[in-house]
Every structure is written in C-alpha cells, then in structure tokens.
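Since the structure comes first, as structure tokens, the remarks are kept for the end.
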Amino acid sequence: MINESEVIDALLAMKVWAVVGLGNNPDRAAFAVAKVLQDKGHQIIPVYPRAEVVHGEIGYKTLSEIPVQVDVVDCFVNSSLVGKVVDEAIAIGAKAVWLQLDVIDEAAVARAQAAGLLTVMNRCPAIEYRGR
C-alpha cells in the first residue's frame, strides 16, 4: 500500500500540497520541487518556521494555521522530526502524506495509513513526474 504506482498517481492528481520545510533558500531541494509541483498545476502552501512567501504563495508556520483543506502534506524534514508532521497531517484531515527522499519513519507511515491517509515514503514527486 506504500509507494505503489496507483498511490503515487493518486497523490500526483491531488491539487493542494502543503510543503513542510519550504523556505526561500534556492539551494534546498524543497524550493525546486515545490516549483515543479506549482508548474504542474498544484497549489503549494509553504510551511516553515519563518512563514515566508515562496514562489508567490503565502507561507504558514504550522499545518494547523492553513485556512484551506490540504490534500497532500509533502515532508521535507529530517526523519527524526517527520513523525510529528505526520501526526499534524492526520489532525488537519489531510488525504495523504509524502515523505521525501531519505525521509523514513515506518511508524509514522503506519499511523497515517491507520488513519486512512495515502502514503508515499522515500520518493520525490519531481522525479516521479519525470518518469510519467
């Protein structure tokens, strides 16, 4: 149920992506990946402690501050921190969580799946788009 092609396709079809760890540093992977998502027609919502405007989109400090329904929570945080983000994604009623490359937390993914969220782990949506 994780990283299956159908699950990845379902997430890529979802429109509103909260990108946790997205700030204005162009050297960070989140910056480039968020731009790819935006260019593919997704609404991106930066979630970062400084709540910066990134790629023209208003940022928020936490997922719970976002005033619209979030489809996918895209996690650009350290594996040791991602469990808290996944729990917040569950709490806000997100439909899915996407843990980026090298972000691995089997227990957090199990909690998300138990709550009914679709899950992808250790993959990158920009790379997945290239393969489609």
Practice item. Among the lysines, select those whose C-alpha is under 20 Å from the C-alpha of Lys40, and discard any that sit fewer than 8 residues away in the same chain. Key: Lys15, Lys95
**Study point:** Per-residue HN-Hα couplings for the range 37-52 [Karplus 6.51, -1.76, 1.60; θ = phi - 60°; Hz; x = Gly/Pro]
**Key:** 4, 4, 5, 8, x, 7, 7, 9, 10, x, 10, 7, x, 8, 6, 7
Check your understanding: Which residues in the range 40-68 have a backbone N closer than 11 Å to a point placed 7 Å from the Cα of Leu81 along the Cα-to-Cβ line?
Key -> 48-50
Exercise for review: Do me a favour and compute the ellipsoid semi-axes for the range 1-42 from its Cα gyration tensor, root of five times each eigenvalue, largest one first, whole Å.
Suggested key: 22, 12, 8
Review point. By count of other Cβ within 10 Å, fewest leading, how are Val103, Val85, Val7 ordered?
Key: Val7, Val103, Val85
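Normalising by the residue count of the chain, find the relative contact order in percent from Cα pairs under 8 Å and 6+ residues apart. Numbers along the way, then the final one.
Numbers: 254 pairs, mean separation 31.9, N = 132.
Result for the chain is 24 percent.
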Practice item. Starting with the fewest neighbours, write out Phe31, Phe76 ranked by other beta-carbon atoms found within 10 Å of each beta-carbon. Key: Phe31, Phe76
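Quick one: net charge of Ile58's neighbours, Cβ under 11 Å, K/R +1, D/E -1?
On the way: positive: none; negative: Glu52, Glu57, Glu65.
That sum, taken over residues with Cβ under 11 Å, equals -3.
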Exercise for review: Using the Kirkwood radius over Cα pairs, work out the Stokes-Einstein diffusion coefficient for the range 47-114 at 37 °C and 0.692 mPa s, in µm²/s as a whole number.
Suggested key: 266
Check your understanding: Among Thr119, Thr62, which comes first, then next, by fewest other beta-carbon atoms within 10 Å?
Key -> Thr62, Thr119
Check your understanding: How large is ³J(HN,Hα), in whole Hz, for each residue of the range 67-75 in order, when computed from phi with the Karplus curve 6.51 cos²θ - 1.76 cosθ + 1.60 and θ = phi - 60°, using x for Gly and Pro?
Key -> x, 10, 5, 9, 7, 10, 9, 9, 9
Exercise for review: Per residue of the range 21-31, in order, report the coupling 6.51 cos²θ - 1.76 cosθ + 1.60 (Karplus, θ = phi - 60°) as ³J(HN,Hα) in whole Hz, putting x for Gly and Pro.
Suggested key: x, 8, x, 8, 8, x, 7, 8, 4, 4, 4
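A short reminder: the numbers here are calculations on the coordinates, not readings from a lab. Keep in mind that what you see is a predicted model, and the values were worked out from it rather than measured. With ideal geometry, Cβ positions are generated from the backbone for all residues, glycine too; neighbour counts draw on all protein chains shown.
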